[in-house]
């Protein structure tokens, strides 16, 4: 199994914490986000770890990872970054874990995803609302739809909503692509380049996953209850450090 960490962005909403380094190198609880991800991946026997770089790419040279560089990181989005590493999709040889660079997650969550057998499996948090209440005054201001059926087939994700009933769980930015689906998924992306109605350079990952669903790719939820954190803004860093200090952090994430 291989892993790919999408870490091209600077993370300007993190303020001074990411002013001079990629977002993935922001420190939380004494380690960078990247170090925490590498540690969890290796603890799950995933040693073939790749990374997509962008902002301050040279700062990622000393982690022993194979680098793919997105030179257009300032004007492109996550899906474009992912297919900068198209070699990992074309090879079709091993399952591939894809992770956003601005999350951390527990070993048990990754284990569950590794053992999932759908063509595309996505870590989905059922405990999302409790975490979002710590992060946002109004959780719905940031939340998006996530609907799946009784067999955990994802039907819809990534749309804005004002109704909690539209959110069965939270998309987390941790995905597993089964090896026999990799080439097919790459071909779907390639065809998007010829579609003038879609800006493939700025495609959000949730939009791409919705396209895969519409193309009859099997996309299933791998359900967890917490065990991860997203680090998107300066207030996230403040809130998580406050939770650690108060002893509440373990409700959401165990170090």
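A short reminder: the numbers here are calculations on the coordinates, not readings from a lab. Everything numeric in this text was worked out from a predicted model, so none of it was measured. Please note: Cβ atoms are built from the backbone with ideal geometry, for glycine as well, and neighbour counts cover all protein chains shown.
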Here the gain from full extension of residue 225 to residue 165, 0.36 nm per residue of separation minus their alpha-carbon distance, amounts to 19.8 nm
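Just for the range 2-245, what percent of DSSP beta bridges are antiparallel, to the closest 5? Walk me through the numbers on the way to the answer.
Details: 19 of 41 bridges.
That works out to approximately 45 percent antiparallel.
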Modelled label-to-label distance, residue 58 and residue 183, 7 Å Cα→beta-carbon offset: nm? 4.0 nm
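Report relative contact order for the range 173-255 in percent, whole number only (criteria: Cα-Cα under 8 Å, sequence separation at least 6). Please report the intermediate quantities before stating the final value.
Working: 24 pairs, mean separation 16.1, N = 83.
Relative contact order of the range 173-255: 19 percent.
Which order do the peptides 36-43, 170-177 take when ranked by the mean count of other beta-carbon atoms within 10 Å per residue, highest first?
Numbers: 36-43: 18.1, 170-177: 23.5.
Highest mean packing first, the order is 170-177, 36-43.
From Cα pairs below 8 angstrom and at least 6 apart in sequence, can you work out the relative contact order of the range 19-171, rounded to a whole percent?
Working: 153 pairs, mean separation 26.8, N = 153.
It comes to 17 percent, rounded to a whole number.
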Relative contact order for the chain using alpha-carbon pairs under 8 Å, separation at least 6, rounded to a whole percent? 25 percent
Provide the descending list of Cα extents for the range 2-245 along its principal axes, expressed in whole angstroms. 46, 43, 38
Mean-square fluctuation maximum in Gaussian network of the chain, Cα pairs under 10 Å, restricted to 232, 117, 165, hits 165
Between the range 1-74 and the range 201-216, how far is it from one alpha carbon centroid to the other, in angstrom? 24 Å
Grab the Cα-Cα distance for residue 1 and residue 254, subtract it from 0.36 nm times how many residues apart they are, and report the gain in nm with one decimal. 88.6 nm
For residue 67 and residue 190 in one chain, what is 0.36 nm times their gap in residues minus the Cα-Cα distance, to one decimal in nm? 42.1 nm
